[in-house]
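This report concerns only the one structure given below.
Every number here is computed from the coordinates shown, using simple stated rules; none is lab data. None of these values were measured; they are calculated from a predicted model. Cβ placement follows ideal geometry from the backbone for every residue including glycine, while neighbour counts extend to all protein chains displayed.
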Amino acid sequence: MSDPTPDVVVEPDAEHLARAVAEALVARLAAAQAVRGTASVVLTGGGMGTAVLEQVADVAAEPVRETVDWTAVEVWWGDERFVPADSDDRNEKGARQALLDRVGVPPERVHAMPPSDAGFAEPEDAAAWYAGQLAGAAQPGEDVPRFDVLLLGLGPEGHVASIFPASPAVRDERPVFAVRDCPKPPPTRVSLGFSAINAADEVWLVVSGDEKAPAVAEALAGADPVQLPGAGVHGTRATRWLLDRAAAGALPAAG
């Protein structure tokens, strides 16, 4: 079971946060490979998510102690916008530019959620296909494969992946589902659900900016996940809230 007490780390600003998360991620993936020969990560989008991946590529190019064999890293996504493949809204596109193409992750290890122009008429079809991909990579009887680290951002209102407050997604027990009418554009998406997210060994919430501070404080205080989804995610081994000073500004110990 997960330790009920999450680990909270506060960095001075967004730049230092991105670098610290990148270094920690490289070390964690290298450690997983030292044990099993492979590693797996679930990526997130957004400005901070992309900044972290850019820093990971930079760290990977440095002569550091820990090294990752990027040909043996399985890459998954926590959510994706159901838009054409070449859209700048695609989390996949940003991740490829920031990291995956730079470090040479093999195509067969990059498990992207389908775009809207990949032959799936509806996002529900794309979600069902992705659920099949996850199950196919999992151990018998499991819905998802092992995730060493699952990265998440947090919205100002507390959403994670594409699970928004008081939406049908907060009560959806499937590992993957379509999300329509998101309050944040683009409105149609595919997302992992709580059941898949919370199966990860470690869940890292990477949050920057003072506009996120109230949601961070409420989540860490034990808010209702229906109203603040960020409060409902955790890893089976560890949950880490990786914050800059602005995002940590409403925590009791801040200041």
Q: List every residue whose amide H lies under 5 Å from the amide H of D79, counting only residues 5 or more places away in sequence or on a different chain, with H placed 1.01 Å from N in the peptide plane.
A: L192
Q: Evaluate the charge dipole of region 9-227 about its Cα centre and quote only its size in Debye, nearest 20, assuming +1 on the Cβ of each Lys and Arg and -1 on the Cβ of each Asp and Glu.
A: 260 debye
Q: Please go through region 112-179 and write out the GluC sites (Glu not before Pro) that DSSP classes as loop and that have at most 11 other C-beta atoms within 10 Å.
A: E173
Q: Provide the gained length on full extension for the span D69 to E211, in nm with one decimal, where the gain is 0.36 nm per separating residue minus the Cα-Cα distance.
A: 47.4 nm
Q. If you take every DSSP beta bridge whose two residues both sit in the chain, what share of them, in percent to the nearest 5, is antiparallel?
A. 25 percent
**Q.** Nonlocal amide H pairs with S40, under 5 Å, H built at 1.01 Å
**A.** E74, D148, V149
Q) What are the DSSP H helices in the chain that stretch 18 Å or more along their long axis, judged by alpha-carbon atoms, and whose average Kyte-Doolittle hydropathy comes to at least -0.5? A) 14-36, 46-60, 123-137
Q | Zone of D13's modelled label, taken as backbone nitrogen in region 179-223 under 13 Å from a point 7 Å along Cα→Cβ | A | 209
Q. Can you list residues whose amide H is under 5 Å from V8's amide H, if they're 5+ apart or on another chain and H is modeled 1.01 Å from N?
A. W241
